[in-house]
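Since the structure comes first, as structure tokens, the remarks are kept for the end.
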Amino acid sequence: MKENPSIVFLGAGAVGASLGSWIAPFNENTYFLDVGDVADAIEEKGITHYQGL
């Protein structure tokens, strides 16, 4: 298995963005793909993850 594989999340809604934000700090090859308003918002603002208690 590749040491640091590329991981792509298709759809960055609540589930995709949450899972991806947990994985991204440990894998520099993490990508998010979406369309329309969601893609525009990610490009402009990125994804911010808030850890709950």
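Derivation of every value follows stated rules applied to the coordinates shown; laboratory data play no part. Treat the numbers as computed from the prediction; the structure is a model and nothing was measured. With ideal geometry, Cβ positions are generated from the backbone for all residues, glycine too; neighbour counts draw on all protein chains shown.
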Rounded to the nearest 10 degrees, the helix 36-45 long axis (Cα) sits at an angle to the longest Cα principal axis of the chain of 70
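Compute the relative contact order of the chain as a whole-number percentage, counting only Cα pairs closer than 8 Å that sit 6 or more residues apart in sequence. Please report the intermediate quantities before stating the final value.
Numbers: 50 pairs, mean separation 20.2, N = 53.
Relative contact order for the chain comes out at 38 percent.
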Longest principal axis of the chain (C-alpha) makes with the long axis of helix 14-23 (C-alpha) an angle, in degrees to the nearest 10, of 40
Placing each pseudo-label 7 Å from Cα in the direction of the beta carbon, residue 50 and residue 28 end up separated by a distance in nanometres of 3.0
In whole percent, the Cα-Cα distances of the chain spread across 5 Å bins from 0 upward as 4, 19, 30, 24, 14, 6, 2, 0
